[in-house]
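The values are calculated or read from the model by the stated rules, or taken from the named source; none is laboratory data. Note that the coordinates shown come from a computational prediction; the quantities given were computed from them, not determined experimentally. Cβ placement follows ideal geometry from the backbone for every residue including glycine, while neighbour counts extend to all protein chains displayed. Ligands, DNA and RNA are stripped out before the accessible areas are found, and what is left, the full protein with its side chains, is counted by its heavy atoms. Shrake-Rupley method; radii C 1.70, N 1.55, O 1.52, S 1.80 Å.
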Amino acid sequence: MTLEVIFVTRHGFRSNWLVDHTNGSYSSTLRSPTGIAADPALTAHGVDQAKELGQRLVAVDPPIERVYSSLYYRCLQTVEPFVRAVSTSPSSLPEEAKEGTRHCQRQLRVRGETGLGEWYGSAPFEHPVPASLATLESHFPCLLDRDYQLAVVPTRMGESVDELHDRLAVTLERLIAECDRDGVRAVLLCSHAAPIIALGRVLTGNMPENIEVEDFRAFTCGLSVFRRRKGASSRANGSRTATNTASMTAGASRTQTGLHAPVVWRGGRGVKGGWDCELNSDCSHLSQGEERGWRFAGDESFKDVPNKSILDAGISLGVVVEGNNESGKSHGKSSTGGSRL
């Protein structure tokens, strides 16, 4: 059995942080539980979103057998309600959630993956990294898989848009290969806005000429679904080009060139044979509907920002996309309303 369905979600609504782009100093008004300014917790509203998302996820078909998540606090907070629910006896779940709980009796652990982590634009300074597993386990006991080996560790100097997409291609190729090997039928990935957009492009193989196009959406706690194309698993072998194997060692940092060894996915090919998008950040399970979407606004770089000493990392780069539940459409604001959340 090979992987059939990939469920993708973005973390819930969170607070912002500040960065001084002249020296790379990060700060926040609200203290993060991990003590890392760029690692805030969800707001109370974000916690509610995560609970609503969890209620939907326990009923999906096929049932989710594995969870990979960015190691930032907000992402772990987002998947926690679902993971705790499927590790509970089905008898304690709501009636409407019992149908998709054939796997509920076994304990599910989150595989924390830095390859799904936040995207930071290229910079002359080092960006933050998530907290250590020991720190995170003190906040999320029995949630993380401590034996999991990281697939990709991004550079701390940030990435261009192309590098971000290639990072996601390498990450997804490895995660899908793991699921294929282990007979996992459905998996959940939790990440951030920019990586989720890149993820959709990498899975389908559709890279727009204009990176600012709103093709794949990323609302807070929205749910996207990608289904493997028929015959894709048999075409998956040989998807990688000739590579520098040293740069691709599991858990290793990227090479000094700043590029991952490439995976062929563009031109409609997609990673591991290609995937079709069946749901695009659907928010029908959320009481407040579509909120705090995001799209690219050029190739973000901390080297090219306006001459301001302090930037709000939540609103200064990118473009926010506000959802409209009634019309099913969305519209973008100017970069002053952007959100990299």
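Restricting region 25-52 to residues that are within 18 Å of the chain's Cα centre (by Cα) and in a loop (DSSP other than H, G, I, E, B), the residue that is surrounded by the fewest Cβ atoms within 10 Å (Cβ to Cβ) is Ala41. Selection within region 265-301: residues that are of a type in the set (Asp, Glu) and either assigned to a loop (DSSP other than H, G, I, E, B) or closer than 17 Å to Val47 by Cα (or both). The member of this set that is least open to solvent (accessible area, probe 1.4 Å) is Glu300. Scanning region 144-168 for residues that are crowded, with 22+ Cβ neighbours inside 10 Å, assigned to a loop (DSSP other than H, G, I, E, B) and either over 15 Å from the mean Cα position of the chain (by Cα) or aromatic (Phe, Trp, Tyr) (or both) yields a count of 1.
Going by the structure shown, is Ser132 at pLDDT 95 or above and polar (S, T, N, Q)? Lay out the reasoning, then the answer.
Numbers: at pLDDT 95 or above: yes; polar (S, T, N, Q): yes.
In short, yes.
Among residues of region 180-229 being part of a helix (DSSP H, G or I) and basic (Lys, Arg), the one that is nearest to the chain's Cα centre (by Cα) is Arg201. Checking each residue in region 186-204 for being in contact with a helix residue (DSSP H, G or I) (Cβ under 8 Å, 6 or more places away or on another chain) and either open to solvent by 10 Å² or more (accessible area, probe 1.4 Å) or closer than 16 Å to Ala169 by Cα (or both) picks out Leu189, Cys190, Ser191, His192, Ala194, Pro195, Ala198, Leu199, Arg201, Val202, Leu203. Just wondering, is there one or more residues in region 58-78 that are modelled with pLDDT under 95, of a type outside the set (Val, Ile, Thr) and assigned to a loop (DSSP other than H, G, I, E, B)? The answer is no, given that none of the residues of region 58-78 is modelled with pLDDT under 95, of a type outside the set (Val, Ile, Thr) and assigned to a loop (DSSP other than H, G, I, E, B). Taking the criterion of being over 18 Å from Ile196 (Cβ atoms) and open to solvent by 40 Å² or more (accessible area, probe 1.4 Å), the residues of region 53-75 that qualify are Gln55, Ala59, Asp61, Glu65. Can you tell me which residues in region 123-142 are open to solvent by less than 30 Å² (accessible area, probe 1.4 Å) and either in contact with a helix residue (DSSP H, G or I) (Cβ under 6 Å, 6 or more places away or on another chain) or over 22 Å from Leu76 (Cα atoms) (or both)? Across region 123-142, the qualifying residues are Ala123, Phe125, Phe140.
Taking every residue in region 141-152 that is over 11 Å from Arg84 (Cα atoms) and pairing it with any residue that is open to solvent by less than 30 Å² (accessible area, probe 1.4 Å) and of a type in the set (Val, Ile, Thr), at least 6 positions away or on another chain, the pairs with Cβ-Cβ distances below 7 Å are Leu144/Val110; Asp145/Val110; Leu150/Thr114; Ala151/Thr171; Val152/Thr114; Val152/Val170; Val152/Thr171.
The single condition from (1) modelled with pLDDT of 95 or more; (2) open to solvent by 10 Å² or more (accessible area, probe 1.4 Å); (3) touching a Ser or Thr at 6+ places or on another chain (Cβ under 7 Å) that Thr22 fails is (1).
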